[in-house]
Every structure is written in C-alpha cells, then in structure tokens.
1. Specify the residue with the greatest mean-square fluctuation among His339, His96, His200, computed from a Gaussian network of the chain linking alpha-carbon atoms under 10 Å apart.
2. Would you pull out the residues with amide H under 5 Å of Ser298's amide H, same chain only if 5 or more places away, H placed 1.01 Å from N?
3. Between Cys354 and Asn45, what is the spin-label point distance in nm, taking each point 7 Å from the Cα along the Cα→C-beta axis?
4. Once the other residues with Cβ under 15 Å from the Cβ of Glu322 are scored (Lys, Arg +1; Asp, Glu -1), what is the net sum?
5. Mind listing the long-range amide H neighbours of Tyr83? Cut-off is under 5 Å, sequence gap 5 or more, other chains count too, H placed in the peptide plane at 1.01 Å from N.
6. When only C-alpha pairs under 8 Å and at least 6 residues apart count, what is the relative contact order of region 279-358, in percent?
7. Would you work out if region 168-218 is rounded, prolate or oblate? Take a ≥ b ≥ c from the square roots of the eigenvalues of the alpha-carbon gyration tensor; rounded if a/c is under 1.5, else prolate when a/b is larger than b/c, oblate otherwise.
8. What FRET efficiency would be calculated for the residue pair Arg59, Asn334, taking the C-beta separation as r and a Förster radius of 45 Å, to the nearest 0.05?
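The values are calculated or read from the model by the stated rules, or taken from the named source; none is laboratory data. Computed from a predicted structure; not experimentally measured. Glycine also receives a Cβ, built like all others from the backbone with ideal geometry; neighbour counts cover every protein chain displayed. Just so you know, the surface numbers come from the protein's heavy atoms only, side chains and all, with ligands and any DNA or RNA stripped out. Shrake-Rupley method; radii C 1.70, N 1.55, O 1.52, S 1.80 Å.
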Amino acid sequence: MRIGITCYPSHGGSGVVATELGKLLAERGHHIHFITYDMPFRLGNFHQNIWYHGVEANRYAVFKYPPYDLSLASRMAQVAKTYQLDLLHVHYAVPHAVAAVLAKQMVGDHLKVVTTLHGTDISVLGEDESLRDIICFGINQSDMVTAVSDSLVQLTEEKLAVNKEIKRIYNFVDRRVFYPRNVSRLREKYLQADEKILLHISNFRPVKRLEDVVAIFDRVQKEVPARLMLVGEGPEMTKVVSLAEKLNLTSKIIFLGKQDEVAQLISLADLLLLPSEKESFGLVALEAMACGVPTVGSNAGGIPEVVEHGKTGFLADVGDVEAMANYAIELLQNESLYHDFSQKGLERVEEKFCGQKIAAEYEELYQQVMDS
Ligand code: GMT
C-alpha cells in the first residue's frame, strides 16, 4: 500500500509510535510517505520505501498566526495525488485529523483517512471549548479511528459526541532496539557498585508529576543507595531543580536533558518511575519492560493495560508517593521478586506488544478501510 503518515516529529510518544510504525511498514514492503513539518527524530538514516515531505507554513505579514493546518492539508493532498496514496494515517487528532479530512475532500473519496488518538489530544485538548467540536468532527469524518488503549477508547466516547467505532490498537516496541543490554561499563561511569538507578523519562509537562518523581526518589534513597536519572526537558524542570535543592538531593540526581537514543539508558536503570496524572498508554513503561526494567507508577489511564500491577510492576493511586516509594523499595531489596517481574515483563512484551504483531493489526485495518 502507499501510505501517508503525519505526526508530531519532535520528542513525544505519538511521534515515536508513528515513526516506528512507518519504519516497520516500509520493511514489510509498503511505500511510506511522512508528511510533517520536520524530519521525525526517530527516522534515522535512509530507508528503502520511505519518503519525507516537509510542510512549510506561510508567514506572510498579514497573518497573525501562520495557517499551518491549511498548508498541511494542501501538502497532504499534493503528496497523495503525486504518489497516488491509498490512505493517510494521521497520529494525534489536532490538527492532523482535520487536515487529512480536508485533503481527502481535495483529492477524492478514494483517499482514505485513518486517525490514531494518542491521549492528550483527547484528555487535555478535548476539554478545550475552542477545540472540542473540531476534534469530534475530525474523528467522525475519518474512515477509521484507533486509540492506543481501552482506557483512551472509553475516555473519547465519554467526552466527545463521536459516532465512529474506535478500535483499540496497542502501541508497540521494536525488540531489535529495546532489549536487556549489558551496560556494566557504562554503569561504572555513573554509579558506585552498590547503587541502584531510578529512571524517569518524559517531556516534563505537569501531567507527568515530576515533583512526585523526586518525592518517591527521596524516600527510596533513604533505604537503598540510589541515584535518580532524569531524561528529558520541559516546563516542570525548574520545579524539579528547586525541590531537589530543598531536599538536598542535587548530587544524587543525574540530569541528562533530551536524548534521542534511550534504549541504552533504559538498560542502565533498575526501575522506571511513571507517577503520571494522565497517561493514555505510557510508551516509556513498555520500552522499559522490553529492556527488563520494571515500572513503579500510577494507575492512571492506560498504564494498567501496559504494566500489570503485582506482576510486571507496581501501581498506586495518583499522588500516593508513599505507596510508590514502598513498592520501589520492596522491588529493589528483593532480588528474586525483581527477577520475576523483569522476566514476566519480557514475556508480556513478546506476547502483546511486539512490533510485527501490531504492524499486522494496522495492515488488517488498512485493508478493511480500503475494502469499505
Ligand atoms: O506523554 C506525552 O505527553 C506525549 C504524548 C504524545 O502525544 O506524544 O503521549 C501520549 O501518546 C503516547 C503514545 O501513544 C502515550 O504513550 C502517552 O501515554 C500519551 N500521553 C498522555 O496521555 C499524557
């Protein structure tokens, strides 16, 4: 098939999933055309069967806001015509679903639109009066709609007047990249032999509850020699820095900023912390699980569909840092429990979240939409 993919190309789960899916589909013989404002950061080097088409927003002085959404729709239509695309698969409802629907109107009904909802497009933007109706329109006008967890399907149906069936297709991980790596050399650079690493990776937005990450770490390091590794950047960084200073933890925190290649860093860790307030899936918990690293976090949104409480990680209510810290301590102090969680996590990835399985689910969905 000839498929156009639009996503946010910067760091963030939806862009990662869209890019990795495109790469897998290209390997499986499909022609994949990324239509985005920048090269997706996980795209890497040249791939056979992958094209990249940039989108430029016109910045004419009369515009207070450059009309990016229209430029995107127009570019989608242009690429669809030139390369005779069968469908546009857009990730994240705003503005991608609406732009794709417009492109379809420009090109003709034979161009199908598949929209994948990722989380904050519904849980945050779906609450915004100025966007709710147009998000709903984009969903209802798509030929097929998917969401990355049952929890997100349910939330979308509760929040928006959608008249489309939303199919759940889980996110996935490429196990050729995410697997337990031997990183003992790298560990020596960061740690004393008896120290454990607690890891948090995110965009440091308020929903990630960074202060909880520090509060959990504070409790854990009083019982177990440990360091906290923070990967990512964002609006909550200043709060993290001041809380770390207040708790006298700065020397125990390793700030790594934004990183493109996280598989190696995840393998360095003993535990992932994900105490988010909202999380439709929690891709990083899946990536950690594939590296044999259990997660301790919140039971928000789709996290329990990824991390099985008491089997591959531990979950507690949002904000219950005491419980999360106790769980973390329990796991770090009990070697056989840790090994069991780690092993069960690897099996769970293989069974439910491996890339080839999920790529096949998308292919089946594309076929259905083409036949409809
Ligand atoms: O986590 C973020 O804030 C980024 C956001 C995105 O759209 O890139 O992530 C959402 O999509 C990811 C991929 O499907 C999910 O794993 C995340 O759980 C989801 N984030 C939220 O729901 C907060």
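1. Of the options given, His339 has the highest mean-square fluctuation.
2. Leu274, Ser276, Ala316
3. 2.6
4. Working: positive: Arg209, Arg219, Lys222; negative: Glu211, Asp212, Asp218, Glu223, Asp317, Asp320, Glu330.
Value of the local net charge: -4.
5. Here nothing satisfies the definition.
6. Details: 98 pairs, mean separation 25.5, N = 80.
In percent, rounded to a whole number, it is 32.
7. Details: a/c = 3.03, a/b = 1.09, b/c = 2.76.
Taking the square roots of the gyration eigenvalues as a ≥ b ≥ c, region 168-218 is oblate.
8. Numbers: r = 58 Å, r/R0 = 1.29.
For Arg59 and Asn334, the calculated efficiency is 0.20.
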